[in-house]
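The values are calculated or read from the model by the stated rules, or taken from the named source; none is laboratory data. No experiment lies behind these values; they were computed from the predicted model shown. When we count neighbours, we look across all protein chains shown, and the Cβ atoms used for this are built from the backbone with ideal geometry, even at glycine. Side chains are part of the model used for accessible areas, which takes the heavy atoms of the whole protein and leaves out ligands, DNA and RNA. Shrake-Rupley method; radii C 1.70, N 1.55, O 1.52, S 1.80 Å.
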Amino acid sequence: MLKGLFKRVAAVFTGRAVIDDDLLDDLEAALIQADVSGPLAVRLVDELRDQAERGRLTTPDQLRQALQEQVAALLRPYEAPLAKGKERPTVFLILGVNGVGKTTTIAKLAYRYRQMGQKVLLVAGDTFRAAAAEQLRVWADRVGCDIVSQKSGADPGAVTYDGIKAAQARGHNLVIVDTAGRMHTKANLMEEMRRIGRLIERELGRPADERLLVLDATIGQNALQQARVFHDSLDLTGLIVAKLDGTAKAGIVLTITQELGLPIKLVGVGEKLPDLQPFRAETFAQQMFA
Ligand SMILES: Nc1nc2c(ncn2[C@@H]2O[C@H](COP(=O)(O)OP(=O)(O)OP(=O)(O)O)[C@@H](O)[C@H]2O)c(=O)[nH]1
Ligand SMILES: [Mg+2]
């Protein structure tokens, strides 16, 4: 169980005996500090105030319970399983800005599918950073899966092409394509990503089964803008929120799902291979006050 996801929100309740304006105002401020968007925080607290005025919530404890239920209800539509290609191989394209946790997440994903007995192939599509392919290879060895790479500076499209051809020839169930971290503000890098997306579509006869954006839960509001830009150019199928173990501002999860309508497919909760979990609205809401 993760702790402190909404540390400041949880703290608002300590030592409170009654529901009053002071408590509700502090709650609204704490939600915003936890990166819940302003309009959403206001809406949530207004609903709670309304319930309190009707006498349906009488203690701070009931208020906390009601908030937890609100959050679970808001997030429930955004739970979703990972897709499976209608033909082999299933292909996942993993995207995101620098350092958010893409490569680690890919290793965790590979580990997960290996545990299920699947034949997995990683594509070292980050040809930009010299050590990137090597980092992925170390993970592939640990997980016990295959990898396709080329020398650094190679065309990421060419590596991706090789990877798909290899998987088709050798019967892999799943191909996961790593990509270089890119700033969503750099149009040429986003165009390169779109090109890789088109190449996958051409080779598979369908788009990559998952186009997943990895977000760093610790960076706050900037994640929303990143998600918008990536979604506009690559028609994302979902999000992976990494580093959820290290944040007290998990409100960004609420903000992004409500604003973009994208499901959260997985959450990263640590640096080790098993530290990747399906996103569960109920669990997330419980963790708010853990
Ligand atoms: N605590 C924690 N750390 C994580 C998690 N996921 C990744 N990290 C750490 O974040 C750092 C960056 O991870 P990478 O996987 O290399 O990130 P990347 O997006 O591939 O980075 P670039 O390829 O440089 O763009 C590493 O130190 C990881 O161990 C997580 O869920 N929790
Ligand atoms: Mg990487």
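Heavy atoms only, probe 1.4 Å: what % of the accessible area of the range 7-78 goes to carbon and sulfur, would you let me know?
Details: 1720 of 3680 Å².
The nonpolar share, carbon plus sulfur, comes to 47 percent.
What percent of all Cα-Cα pairs in the range 7-78 falls in each 5 Å bin, counting up from 0?
3, 17, 29, 29, 15, 5, 1
Among D35, D146, D25, determine the one that fluctuates most according to a GNM of the chain built with springs between C-alpha atoms less than 10 Å apart.
Among D35, D146, D25, the largest GNM mean-square fluctuation belongs to D25.
Rounding to the nearest 20 debye, state how big the charge dipole of the chain is about its Cα centre with +1 on each Lys and Arg Cβ and -1 on each Asp and Glu Cβ.
Numbers: 38 positive and 36 negative charges, 251 e Å.
That gives a dipole near 1200 debye.
Going 7 Å from the Cα of E69 toward and past its Cβ, which residues in the range 34-49 have a backbone nitrogen under 12 Å from where you end up?
It comes to 48, nothing else.
Take the eigenvalues of the Cα gyration tensor for the chain, scale each by 5, and report the square roots as semi-axes in whole Å, largest first. Can you show the working numbers first?
Values: eigenvalues 322, 62, 51 Å².
Largest first, the chain gives 40, 18, 16 Å.
Per residue of the chain, what 222 nm ellipticity follows from adding -39500 (n - 2.57) for every DSSP H run with n ≥ 4, rounded to the nearest 500?
Value at 222 nm, helices only, nearest 500: -15500 deg cm²/dmol.
What is the distance, in nm, between label points placed 7 Å from the Cα along the Cα-to-Cβ direction at K86 and at R195?
So the label points at K86 and R195 sit 3.0 nm apart.
Per residue and in Å³, how big is the convex hull formed by the alpha-carbon atoms of the range 192-277?
Values: hull volume 8.9 nm³, N = 86.
Normalising the Cα hull of the range 192-277 by residue number yields 103 Å³.
Need one value: the accessible area of D26 in square angstrom, 1.4 angstrom probe, rounded to the nearest 10.
60
Say the dipole of the chain comes from +1 at the beta carbon of Lys and Arg and -1 at that of Asp and Glu; which of T14, P89, A73 then lies farthest toward its positive end?
In the chain, that residue is P89.
For the chain, give me the percentage of DSSP beta bridges that are antiparallel, rounded to the nearest 5 percent.
Numbers: 3 of 29 bridges.
Percent antiparallel among DSSP bridges in the chain is about 10.
Expressed as a whole number of Å, what is the distance separating the alpha-carbon centroids of the range 8-85 and the range 241-278?
19
If you count only protein heavy atoms with a 1.4 Å probe, what accessible area per residue comes out for the chain, rounded to a whole Å²? If you can, show how the numbers build up before the last one.
Numbers: 12560 Å² over 290 residues.
Normalised by residue count, the accessible surface of the chain is 43 Å².
To the nearest 0.05, what FRET efficiency results for A131 and A11 with a Förster distance of 41 Å applied to their C-beta separation? Display every interim value, and only then the final one.
Details: r = 41 Å, r/R0 = 1.00.
Taking R0 as 41 Å, the efficiency between A131 and A11 is 0.50.
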